[in-house]
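The structure appears right after this line, and notes come after that.
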């Protein structure tokens, strides 16, 4: 069958899908409102780490332009700021992860797609454009939630337990934070630092316009001592911003604070700060139109997660490949097609949402036991860490307290 | 973890599960109200063909006591009683199918299970027994719809399009119907005979207490000329029953009538007749109880289909293996466990229900084209026939008219 695919949105989901289809000889048109040359002057979009499975997909697409030991990291350091008895332990990945500023990453992939003959149309989509878009393509993929497009897909309350953000985000790219180095005795890693009752901070070595810098992804609990950072203004008084942040870090995330050169500490660039919040939401996969055509949701439009566990982009890329495979094999774009796509992607994508939603809650007694056990059992913590690649496996372990205890018991027996 | 599994019901689903678990070292207790020695004096329970995939599962369990070329069949003959221009064509299986009277089959497997150390408890389950059963086992599997047990699982209206039977069944085991023979020039096959507007008849070579006989599974449309057979009494006047049936067969299913020795034609035994009807229904997979335990549905309790496409028993066996595998690997019997089971079984099981429900409807134009094309394209009809083993593949082909046309076009191109 003829397959003309329209993809609205040029995030990782839209671009990985476009590149996948291009590689498999299917014509895809990407529609986006932002040209590649506009990204450099754009505010920080996110701080995203690609785990090994996503890097492998980049290799498959031939778009891994950052295949360099200089850019990757190998482990998670977990720090818990328990009063008087802080806890610090490490878990390693089997394959390294890597974070590249999306203002570098996305335009590079857009260029790859265009260089290989792909079509990108630059236009802002308005509500009244939707019917024309739907009838223009055999299948419309919606991978941007902007405007009316995202709202077409109805919310699934049974999978969306929150109706407001669980964290207030203050995310920046900073100079002056030591995150290890490939040459040093302490290789590069991400730190997951927890200040109980106040929030988490993910410290990510990131390739930026200015080389390797450090992302501080602060996940602050509403009502906690760090919550105000979501609206602390940098531009009005950079020095006051820096000092407030350093004071908070010293109190709540001392393990990271101790690695900061306070004289050099600053945003890498003034636009390298993003403040806001996310309501984790799962939406229906597809919407049907009168003429029998349908639009299918990809990435954040399908499931947007809080960034805490680093799953959003990795899930969008994963789902793009599963959708691409289904499109390649499809004989019709109908309800059965949507079912096939969902069967392929939902286990992992929904597990990522559920796992992340669980981690946004105060830890249960079982989760507390897991943390304490991982601090003493490196193999268990390695498994937890590598499962960032496989959220469905993580969810198989964590979906209930009984499962958490069973996992700990089993791995503790192995270790004994 | 300790796993004590209770299985209510000793049909193919319950017994295949019990034998699977036994083989994998997990203790299962089967509860049923009918002892093996009672089956011989029981009325015909069904007329079930096991397709190649089910026979393969029997081999895996070591319970295929009927592994003999004498008992199997190899193809479907399709007959359409179009006035003036009847249509007859054949499709073959890759692996043979086989039908054994369940009054022979089920006690044989019960004996296998008990001979290998399995426990079967013979008792009728009443409503008030349920709480005790649930707390007695780590997991309760319900594979009988009798009494309150089946009603615990709520009906899924989105997958249950009918609220009344679509066919009135008149099912018997007969002497005097030629269905081919392994030695003859025409090897054994099943005939699927259609009398448009009046119903279908499936003619199945079946191993019975008296050796190889023929099952006539008559699927008569309410309001049609054959509908009355659902209540035609045999015992009151066997000869009138026979004559009425012969007259109807001559009119509506002449291809089969022509293979009947009218002098020998009769029920093999007086109890070999079953009349009734089925409302195709899909139910929720599980039900939770206060103490966190759950019961999970298997086989007809989960999805009962009209017998027309011969899917019910094959799906129960398939689902039993998928459930058995999930139990073997389970660390907890919780909602995630049910999800895992459903992910494993639903694509095939629900496809069988949807495909069967579609075939109960008058054929669409696309379906009509498929029939006519299969009559001329043996490879296409072979594929349709072998897909009786894989309902999910059949549904991928038949789920919409567009898919049916795409399938025909593709296979017609191949043939050209």
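No lab work stands behind these numbers, since they all come straight from the coordinates. Bear in mind the structure is a predicted one, so any value in this text is a computation, not a measurement. All Cβ positions, glycine included, derive from the backbone under ideal geometry; neighbour counts span all protein chains shown.
Once the Cα atoms of helix B:365-376 and of chain B are each reduced to a long axis, what angle between those two axes, in degrees from 0 to 90 to the nearest 10, is obtained?
That works out to roughly 70 degrees.
Taking neighbour counts of Cβ atoms within 10 Å as a proxy for exposure, in what order, fewest first, do B:383, A:365 appear?
A:365, B:383
Classify the range B:175-233 from the C-alpha gyration tensor, please: rounded if a/c falls under 1.5, else prolate or oblate depending on whether a/b exceeds b/c. Mind showing how you got there, number by number?
Working: a/c = 3.75, a/b = 1.81, b/c = 2.07.
Note, shape of the range B:175-233 comes out oblate.
For A:23, B:94, A:248, which order do you get if you count the other beta carbons within 10 Å of each Cβ and list the fewest first?
Values: A:23 14, B:94 11, A:248 23.
In increasing order of surrounding Cβ atoms, one gets B:94, A:23, A:248.
Using a/c under 1.5 as the rounded threshold, could you call the range B:234-280 rounded, prolate or oblate? The axes a ≥ b ≥ c are square roots of the C-alpha gyration tensor eigenvalues, and prolate needs a/b larger than b/c, oblate otherwise.
Values: a/c = 1.90, a/b = 1.18, b/c = 1.61.
Cα axes put the range B:234-280 in the oblate bin.
Of all the Cα-Cα pairs you can form in the protein assembly as shown, what percent are over 42 Å apart?
Details: 151203 of 345696 pairs.
Counting every Cα pair in the protein assembly as shown, those more than 42 Å apart make up 44 percent.
Based on DSSP H runs of at least 4 residues, each adding -39500 (n - 2.57), what is the mean residue ellipticity at 222 nm of chain B after dividing by all its residues, to the nearest 500 deg cm²/dmol? Can you show the working numbers first?
On the way: 13 runs with 154 residues, N = 416.
Mean residue ellipticity, 222 nm, calculated: -11500 deg cm²/dmol.
Want the number for residue A:128 to residue A:178: 0.36 nm per residue separation, take away the alpha-carbon distance, what's left?
Details: separation 50, 0.36 × 50 = 18.00 nm, distance 4.97 nm.
Value of the extension gain: 13.0 nm.
Please report the projected area of the range A:51-116's Cα convex hull averaged over all directions, in nm².
On the way: hull surface 23.6 nm².
Over all viewing directions, the range A:51-116 projects a mean Cα-hull area of 5.9 nm².
Only bridges with both residues in the protein assembly as shown count here: give the DSSP antiparallel percent, nearest 5. Please list the in-between numbers first.
Details: 90 of 135 bridges.
If I count the DSSP bridges inside the protein assembly as shown, around 65 percent turn out antiparallel.
Output the 0 to 90 degree angle, nearest 10, between the alpha-carbon long axis of helix A:312-329 and the longest principal axis computed from the alpha carbons of chain A.
The answer is roughly 30 degrees.
Suppose each label sits 7 Å from its Cα in the direction of the beta carbon; what would the residue B:104-residue A:163 distance come out to in nanometres?
The answer from the label model is 6.3 nm.
Just check the range B:77-230 against the gyration tensor rule for me: Cα atoms, a ≥ b ≥ c as the square roots of the eigenvalues, rounded for a/c under 1.5, and otherwise prolate or oblate depending on whether a/b exceeds b/c.
Working: a/c = 2.68, a/b = 1.50, b/c = 1.78.
It comes out oblate by the Cα gyration axes.
For chain A, modelled as a Gaussian network with Cα springs under 10 Å, which listed residue fluctuates most, A:37, A:219, A:250?
In this elastic network of chain A, the residue with the biggest mean-square fluctuation among A:37, A:219, A:250 is A:37.
Taking only C-alpha pairs under 8 Å that are 6+ residues apart, what is the relative contact order of the range B:365-415 in percent?
On the way: 27 pairs, mean separation 21.6, N = 51.
RCO, the range B:365-415: 42 percent.
At a temperature of 25 °C and a viscosity of 0.890 mPa s, determine how fast the range A:365-415 diffuses translationally according to Stokes-Einstein, using the Kirkwood radius over alpha-carbon pairs as Rh; express D in µm²/s, rounded to the nearest whole number. The partial results should precede the final answer.
Values: Rh = 10.7 Å.
Taking Rh from Cα pairs, D becomes 228 µm²/s.
Please rank B:221, A:104, fewest neighbouring Cβ atoms within 10 Å first, as an exposure proxy. All intermediate terms of the calculation are to be shown ahead of the outcome.
Working: B:221 19, A:104 16.
Final ranking by Cβ density, sparse to dense: A:104, B:221.
Tell me, what does the Kirkwood hydrodynamic radius of the range A:5-129 come to in angstroms if you use every pair of distinct C-alpha atoms? Numbers along the way, then the final one.
Values: mean 1/r = 0.0604 Å⁻¹.
For the range A:5-129, the Kirkwood estimate is 16.6 Å.
Could you check which residue among B:352, B:41, B:240 shows the biggest mean-square fluctuation in a GNM of chain B with a 10 Å Cα cutoff?
Checking each option, the largest mean-square fluctuation is seen for B:41.
How far, in degrees from 0 to 90, does helix B:52-61 lean away from the longest principal axis of the Cα atoms of chain B, to the nearest 10?
Around 30 degrees separate the two axes.
Calculated FRET efficiency, residue B:378 and residue B:33, Cβ-Cβ r, R0 60 Å, to nearest 0.05?
Working from the Cβ atoms, E equals 0.80.
How high is the FRET efficiency from residue B:67 to residue B:225, r the C-beta distance, R0 25 Å, rounded to 0.05? Mind dumping the intermediate values first?
On the way: r = 41 Å, r/R0 = 1.64.
For R0 = 25 Å, the calculated efficiency reads 0.05.
Would you tell me which residue of chain A has the beta carbon closest to the rotation axis bringing chain A onto chain B, and how many whole Å away it is?
Chain A residue with minimal Cβ-axis distance: A:343, 4.
Relative to the present Cα-Cα distance, how much length would full extension add between residue A:367 and residue A:290 at 0.36 nm per residue of separation?
Numbers: separation 77, 0.36 × 77 = 27.72 nm, distance 4.82 nm.
Length difference between fully extended and current span is 22.9 nm.
May I ask you to derive the relative contact order of the range B:114-261, considering only C-alpha pairs under 8 Å and at least 6 residues apart, and to give it as an integer percent? Intermediate values should be presented prior to the final figure.
Values: 174 pairs, mean separation 29.8, N = 148.
Computed over the range B:114-261, the figure is 20 percent.
Reported to two decimal places, what Rg/Rh ratio describes chain A when computed on Cα atoms with Rh from the Kirkwood expression? List each step's numbers first, then the result.
Working: Rg = 21.4 Å, Rh = 22.2 Å.
Taking Rh as the inverse mean 1/r over Cα pairs, Rg/Rh reads 0.97.
Describe numerically, in nm with one decimal, the distance between label points set 7 Å from Cα along Cα→Cβ at residue B:24 and at residue B:235.
Calculated label separation equals 4.4 nm.
Under 8 Å for C-alpha pairs, at least 6 residues apart: give me the relative contact order for chain A, rounded to a whole percent.
Details: 805 pairs, mean separation 85.4, N = 416.
The value is 21 percent.
What fraction of the DSSP beta bridges in chain A is antiparallel, stated in percent and rounded to the nearest 5? Let's see the in-between values first.
On the way: 45 of 68 bridges.
Approximately 65 percent, going by the DSSP bridge assignments.
Can you tell which of A:362, A:36, A:196 shows the greatest fluctuation in a Gaussian network model of chain A with Cα springs below 10 Å?
Taking springs between Cα atoms under 10 Å, the residue moving most is A:362.
Describe numerically, in nm with one decimal, the distance between label points set 7 Å from Cα along Cα→Cβ at residue B:251 and at residue B:121.
5.3 nm
For the pair residue A:413 and residue A:43, what calculated FRET efficiency results from E = 1/(1 + (r/R0)^6), where r is the Cβ-Cβ distance and R0 = 30 Å, to the nearest 0.05? Numbers along the way, then the final one.
Details: r = 50 Å, r/R0 = 1.67.
According to the calculation, E is roughly 0.05.
Stretch residue A:59-residue A:88 to full length: gain in nm at 0.36 nm per residue minus the Cα-Cα span? Display every interim value, and only then the final one.
Values: separation 29, 0.36 × 29 = 10.44 nm, distance 3.37 nm.
Going from the current span to full extension adds 7.1 nm.
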